[in-house]
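A.B. asks: Okay, handing you the structure first.
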Amino acid sequence: MADEPNDATPFLPERLSLKALRDAASGCRGCHLWRPATQTVFGEGRKASRVMLVGEQPGDKEDQAGEPFVGPAGRELDRGLEAAGIARADAYVTNAVKHFKFEERGRRRIHQTPKRFEIDACRPWLDAELDVVKPEALILLGATAAKALLGSSFKVTQHRGELLDSDLAPIVSATIHPSAILRSRGDAERAAEREAFAADLRAVADALAG
Ligand code: SF4
């Protein structure tokens, strides 16, 4: 990819508003990931959202719909937010990387984890979303989002559900990506994962209320 650009910065609009950002991101060519994907999947939610949730990247369904967290993982996220008492209308949801990275196997498109240089290329969009929304609470969903914003040595497995010391927002926490719940083996494990995920989100809801 040596001849490809690797920075979204030139595509950012002069005026930072969610609409201007979303419109500009639709034409982003800041890295190679736009080529095979259907469209940019920018964050969704109100500027006044108190909570921002950041995942890894759009999946197959999100790539087709052009909206984040509308597939099976999104349904798990909705379930967790409801259990934690966080209104989806009060949550801005986005991803560290705005284009779907995948490999084709037959007719299926299989998710591929974005590499560091791809996450870095896309970071200006996430920074701009944080600038505009200024969430009271920031929840990082999964290792990719957590490492992107908290550093590559951060381990979600060691710190999930904790309230973290960070300048990113008054309340910062990291937990699993809801797609991990979908990979559970059996109903009992799935129920336990759902409960643990909801508990991590509830800790943030409690901090917001407190
Ligand atoms: S992944 Fe991010 S930086 Fe790369 S083209 Fe898409 S929006 Fe731009």
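A.B. asks: In whole percent, and with a 1.4 Å probe on the protein chains, what portion of the accessible area of the range 22-138 is carbon and sulfur? Don't skip to the end; give the middle numbers.
C.D. replies: Working: 2410 of 5200 Å².
Here carbon and sulfur together make up 46 percent of the probe-accessible area.
A.B. asks: For the range 45-193, build the charge dipole from Cβ charges (+1 Lys, Arg; -1 Asp, Glu) around the Cα centre, then report which of 65, 169, 126 sits farthest towards its positive end.
C.D. replies: So the residue furthest toward the plus end is 65.
A.B. asks: Residue-wise, which Karplus ³J(HN,Hα) couplings in Hz belong to the range 201-210, taking 6.51 cos²θ - 1.76 cosθ + 1.60, θ = phi - 60°, and x for glycine or proline?
C.D. replies: 5, 5, 4, 5, 4, 5, 5, 5, 6, x
A.B. asks: Roughly how many Å² of residue 166 are accessible to a 1.4 Å probe, to the nearest 10?
C.D. replies: Probe radius 1.4 Å; accessible area of residue 166 about 30 Å².
A.B. asks: Against the globular-protein guess of 2.2 N^0.38 Å, express the Cα radius of gyration of the chain as a ratio, rounded to two decimals. Kindly include the intermediate steps, with their values, before the conclusion.
C.D. replies: Working: Rg = 16.4 Å, N = 210, 2.2 N^0.38 = 16.8 Å.
Scaled against compact globular proteins, the figure is 0.97.
A.B. asks: Along the charge dipole of the chain, pointing to its positive end and built from +1/-1 on Cβ of Lys, Arg, Asp and Glu, which listed residue (113, 94, 157) has its Cα farthest out?
C.D. replies: Of 113, 94, 157, it is 113.
A.B. asks: Can you give the net charge of the other residues whose Cβ lies under 15 Å from the Cβ of residue 108, counting K and R as +1 and D and E as -1? Display every interim value, and only then the final one.
C.D. replies: Values: positive: 61, 101, 105, 107, 109; negative: 60, 63, 103, 104.
Every neighbour counted, the sum reads +1.
A.B. asks: Ignoring ligands, DNA and RNA, what accessible area per residue does the range 83-210 give at 1.4 Å, in Å²? All intermediate terms of the calculation are to be shown ahead of the outcome.
C.D. replies: Details: 6190 Å² over 128 residues.
For the range 83-210, the per-residue accessible area is 48 Å².
A.B. asks: If you take all C-alpha pairs in the range 117-175, what percent of them are over 15 Å apart? Show your work: numbers first, answer last.
C.D. replies: On the way: 803 of 1711 pairs.
Counting pairs separated by more than 15 Å, the tail of P(r) holds 47 percent.
A.B. asks: Compute the length gained on full extension between residue 108 and residue 187: take 0.36 nm times their separation in residues and subtract their Cα-Cα distance, giving the result in nm to one decimal. Don't jump to the answer; show the numbers that get you there.
C.D. replies: Working: separation 79, 0.36 × 79 = 28.44 nm, distance 2.60 nm.
Contour length minus the Cα-Cα distance gives 25.8 nm.
A.B. asks: Rounded to the nearest 20 debye, what is the charge dipole size of the range 150-200 about its Cα centre when +1 sits on each Lys and Arg Cβ and -1 on each Asp and Glu Cβ? Don't skip to the answer; put the middle values down first.
C.D. replies: Details: 6 positive and 8 negative charges, 52 e Å.
Dipole about the Cα centre, nearest 20: 260 debye.
A.B. asks: If you average over every viewing direction, what projected area does the convex hull of the Cα atoms of the range 90-188 give, in nm²? Each step should come with its number before you reach the end.
C.D. replies: Numbers: hull surface 33.3 nm².
Mean projected area of the Cα convex hull: 8.3 nm².
A.B. asks: What does the charge dipole of the chain about its Cα centre add up to, to the nearest 20 debye, if the Cβ of each Lys and Arg holds +1 and the Cβ of each Asp and Glu holds -1?
C.D. replies: 460 debye
A.B. asks: Let me ask you something else. Looking at the range 132-210, which trypsin sites (Lys or Arg not before Pro) are DSSP coil and have at most 11 other C-beta atoms within 10 Å of their C-beta? Walk me through the numbers before you get to the answer.
C.D. replies: Details: sites: 147, 155, 160, 183, 185, 190, 194, 202; in loops: 155, 160, 183, 185.
Answer in residue order: 183, 185.
The values are calculated or read from the model by the stated rules, or taken from the named source; none is laboratory data. Source: prediction; values computed, not measured. Quick reminder, even Gly has a Cβ in these numbers, built from the backbone with ideal geometry, and neighbours come from all protein chains shown. For the accessible areas, the whole protein counts, side chains as well, though only heavy atoms, and no ligand, DNA or RNA atoms are used. Shrake-Rupley method; radii C 1.70, N 1.55, O 1.52, S 1.80 Å.
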